[in-house]
Amino acid sequence: MKKILLVMLVGTLLGACVTSNEMEAREYWARAASKDGNTAAYMILQNHTAVDDELIQASSDSARAVEIHESRLGDDGVMQMIPQNSVSIAVGTAVEFKPGGLHIMLIGLKQDLAAGQEITVVLHFKNHDDITLTVPVKDATDMGGSGMDGQTVP
């Protein structure tokens, strides 16, 4: 009986140490918005692979264009959205896409996006296969998405 418990314990510990060979996307969501407007998708990307990688593009059939942006407070005190050519994700690290920071910008929405709906977003990486996400749409007020002076920011 002790041998069985020891084998189970060792197996559990070894299983906890094994790293996946995948890029992980988690806690993803998109902000509700109106047709022809813009919105943003947020998530955490974690690199469990053996090589550094980059998110080089995103796409969605819900918008006319999709870009990777970073919101930054400019010297003039105004929030600016800076397009990003890519986002580096080193081995073993996570990058958070969040309101007021990095985000996936969906430009020219093809339909209204209301809380409770879902959209498809595809993430394209330099070294990893594409990841297709079914992203839930949520109200920004439910997600704590306030920016400077109480304004909602992508």
Please count how many residues of the stretch 26-41 are exposed (fewer than 13 other Cβ atoms within 10 Å of the Cβ) and among the polar types (S, T, N, Q). 1
Among the residues of the stretch 71-87, are any among the charged types (D, E, K, R), under 18 Å from A25 (Cα atoms) and surrounded by fewer than 18 Cβ atoms within 10 Å (Cβ to Cβ)? no
L102 fails exactly one of the following numbered conditions: (1) in contact (Cβ under 8 Å) with a residue 24 or more places away in the chain; (2) open to solvent by less than 70 Å² (accessible area, probe 1.4 Å); (3) farther than 26 Å from N21 by Cβ; (4) not polar (S, T, N, Q). What is the number of that condition? (3)
Scanning the stretch 121-154 for residues that are modelled with pLDDT of 95 or more and within 16 Å of A33 (Cβ to Cβ), which turns out surrounded by the fewest Cβ atoms within 10 Å (Cβ to Cβ)? P136
Sole miss for Q111 among (1) within 16 Å of the chain's Cα centre (by Cα); (2) under 24 Å from D139 (Cα atoms); (3) modelled with pLDDT of 95 or more; (4) of a type outside the set (A, V, I, L, M) is condition (1)
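The values are calculated or read from the model by the stated rules, or taken from the named source; none is laboratory data. Predicted model, so just to flag it, every value in this text is computed and none were measured. All Cβ positions, glycine included, derive from the backbone under ideal geometry; neighbour counts span all protein chains shown. Just the protein is used for accessible areas: all its heavy atoms, side chains included, with ligands, DNA and RNA removed. Shrake-Rupley method; radii C 1.70, N 1.55, O 1.52, S 1.80 Å.
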